[in-house]
Amino acid sequence: MKTTSTTPTTTRRRWLLGSGATLASALGAGTLANLMHARPAYAADYKALVCIFLYGGNDGMNMIVPTDTARYDQYATVRKGLAIPKASLVPLAGVNYALHPAMSALAGAWSAGRLAPVFNVGPLVQPLTKAQYRAAAANSEVLPDSLFSHSDQQILWESGTGDALARTGWGGRASETLATVNPVISVAGSARFGLSTLQTPLLLPGPGSTFGAYGLQPGDTWAPQLARKAAIDALYAAPQDVALADAYTAAQRDAFAMSARLGALVKTKPGDPEAIAAIDTAFAPITAAGKITSGLGNQLYQLAKLIAGNATVQGNRQLFFASMGGFDTHGNQLVTGSPLEGDHARLLKELGDALAAFNAALTNLGLANAVTTFTQSDFGRTFAPNNSTGTDHAWGNQHLVMGGAVRGGLTYGSYPELVLGGPNDVGQEAWELQGRWIPTTAVDQYAATLLGWFGATDAQLDTVLPNLKNFGTARRLAFL
């Protein structure tokens, strides 16, 4: 191997790009200690939750559309040029609803009973009527903070609270409360969803990427690198004078060991000799020239490998986080008369195709019953369009849950009344009649249903979701 000359600054910069120090600070000392003292997963008892956050505020009203004559006519009248033609929709057999045509790849998941829409979900502190909303002051304790704001609503969804300043996420608190071996594993960067009081999410790069310290991978055989690794190992093995330094060196040791354990699994990409045929076959429709063609597809390919390799990842309960962006469709949401064109159609096609590939991979692996995938998003969008062929910020939204344990073929929650100024619309005066639906299902109830399937007791649910007690006996839905 050719030796190149580097300055101390260059060497230090290259080291920090992927070093154990970076890895340790990203994970936290407690996280790494837990990761390295794990027992292997037992497939028969393995369960995973996969959160897909749709940043920007997905227009759930066009993702799932009513098809009975009366409500479709109401929908088409109010949505005007944004209405999806009825003949273009993907019917959901057995219910009076249909999917956006860009999501036709999910028809098979519906037919197999593995897909369910959940209607009008959003952040709530307690059950809320329109009269209560209209009577409440802006800072009232009965209302979630800072409604209709991207950053605040994202925090409310990810934290499972009504507090826009909440530090931890409901995924992170669930991981902590249930004492899962690993923290939340994210393939979409850092997100509040995976934060707990003592841990940050484990952040993994995409397929084909190196996970670990630069030049210090298990396969590196160049003598100077081996010598450097030996020196680092000796340094981190030496006792320190203070407890903080001991904790730091322990985190570094664990980081190296963990990256050595997961590095090969993380790096594998479609077509590699180590690739799993059951996964590559499922993702073939969104793979070209050995590369997956969408960002979400790459993330879910990575998660499919981690789920298949759960004994290597370790732990029999795991929460994952993935995401898409671009859903803030204030304009160019739909090309009138062309339901497969426009920004929203492009986004929904990526979502639908990636979810279908993921479902196929889990089915091929025999793990579909062990994994439940669900969507979250900032908020829904106004039912009435704006003047830019788009929609604006709203509140309640429709979501999708997918997996072998899902009681599919049915819908859950209460679909809003499609009447501007009606009982579900926050608006009353003519100028505010936009169709910003007051949620009828809380994030807490949605999350409690998912976590109940995951194994959380009622007492643990109350710890993870502090406002759940405000919903009385209506703590969970029936989609799992």
Original post:
Of 339, 307, 65, which is farthest on the positive side of the dipole of the stretch 18-471, counting Cα position, with +1 on Lys and Arg Cβ, -1 on Asp and Glu Cβ, and the Cα centre as origin?
Top reply: 307
Subject >> Order of 381, 134, 79, 228 under a 10 Å beta carbon neighbour criterion, fewest first >> reply: 134, 228, 79, 381
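Quick one: Kirkwood hydrodynamic radius for the stretch 148-191, alpha-carbon pairs, angstrom, one decimal?
Details: mean 1/r = 0.0893 Å⁻¹.
One decimal place: 11.2 Å for the Kirkwood radius.
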Original post:
Taking the Cα atoms only, what angle lies between the long axis of helix 295-308 and the longest principal axis of the chain, rounded to 10 degrees?
Top reply: 60
Subject >> Karplus 3J(HN,Hα) series, Hz, for the stretch 387-402 with 6.51 cos²θ - 1.76 cosθ + 1.60 (x for Gly, Pro) >> reply: 8, 10, 6, x, 9, 10, 5, 9, 9, x, 8, 9, 9, 10, 10, 9
Original post:
What span do the alpha-carbon atoms of the stretch 390-453 cover on each of the three principal axes, reported in whole Å from largest to smallest?
Top reply: 45, 22, 22
Subject >> Nearest-ten-degree value, helix 443-454 long axis tilted from longest Cα axis of the chain >> reply: 50
**OP:** Enumerate the calculated ³J(HN,Hα) couplings along the stretch 68-81 in order (Karplus 6.51 cos²θ - 1.76 cosθ + 1.60, θ = phi - 60°), each rounded to whole Hz, writing x wherever the residue is Gly or Pro.
**Re:** 5, 4, 4, 6, 5, 5, 4, 4, 5, 5, 7, 6, 6, x
**OP:** Taking 7 Å along the Cα-to-C-beta vector as the label spot, tell me the residue 126-residue 277 distance in nanometres, rounded to one decimal.
**Re:** 6.0
Subject >> Semi-axis lengths, Å, the stretch 221-291, gyration tensor of Cα atoms, sqrt of 5 times eigenvalues >> reply: 38, 15, 8
Original post:
So how tilted is helix 8-18 from the main axis of the chain? Cα-based, degrees 0 to 90, rounded to 10.
Top reply: 50
Subject >> Set of aspartates and glutamates near residue 305 by C-alpha distance (under 20 Å), chain-local residues within fewer than 8 positions excluded >> reply: 45, 272, 274, 280, 350, 353
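Rounded, prolate or oblate: which fits the stretch 106-166, taking a ≥ b ≥ c as square roots of the Cα gyration tensor eigenvalues, rounded meaning a/c under 1.5, else prolate when a/b beats b/c?
On the way: a/c = 3.46, a/b = 2.00, b/c = 1.73.
Prolate, because a/c is 1.5 or more and a/b exceeds b/c.
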**OP:** For the stretch 259-276, take each phi angle, set θ = phi - 60°, evaluate the Karplus expression 6.51 cos²θ - 1.76 cosθ + 1.60, and give the result in whole Hz per residue in order, putting x for glycine and proline.
**Re:** 5, 5, 6, 9, x, 5, 5, 5, 6, 4, 10, x, x, 5, x, 8, 5, 8
Subject >> the stretch 95-226 - Rg over Rh from alpha carbon coordinates, Kirkwood radius >> reply: 1.13
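Going by a ≥ b ≥ c, the root eigenvalues of the Cα gyration tensor, does the chain fall in the rounded group (a/c under 1.5), the prolate group (a/b larger than b/c) or the oblate group?
Numbers: a/c = 2.01, a/b = 1.65, b/c = 1.22.
Note, shape of the chain comes out prolate.
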**OP:** Could you give the spread of the C-alpha atoms of the stretch 247-384 along their three principal axes, from largest to smallest, in whole angstroms?
**Re:** 57, 37, 29
Original post:
How about residue 86: which aspartates and glutamates have a C-alpha closer than 14 Å to its C-alpha, ignoring those fewer than 8 places off in the same chain?
Top reply: 68, 73
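Treat the count of other C-beta atoms within 10 Å as a stand-in for reagent exposure and order 274, 158, 341 from fewest to most. Walk me through the intermediate numbers first.
Details: 274 10, 158 25, 341 14.
In increasing order of surrounding Cβ atoms, one gets 274, 341, 158.
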Original post:
Using a simple charge model, +1 on the beta-carbon of Lys and Arg, -1 on the beta-carbon of Asp and Glu, nothing else, what dipole does the chain show about its Cα centre, in debye to the nearest 20?
Top reply: 980
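Can you sort 330, 100 so the residue with the fewest Cβ neighbours within 10 Å comes first?
On the way: 330 16, 100 27.
Exposure proxy ranking, most exposed first: 330, 100.
Since every read-out is calculated from the coordinates, none of them should be taken as a lab result. Since this is a predicted model, take the numbers as computed values, not measurements. Virtual Cβ from ideal backbone geometry, glycine too; neighbours counted across all protein chains shown.
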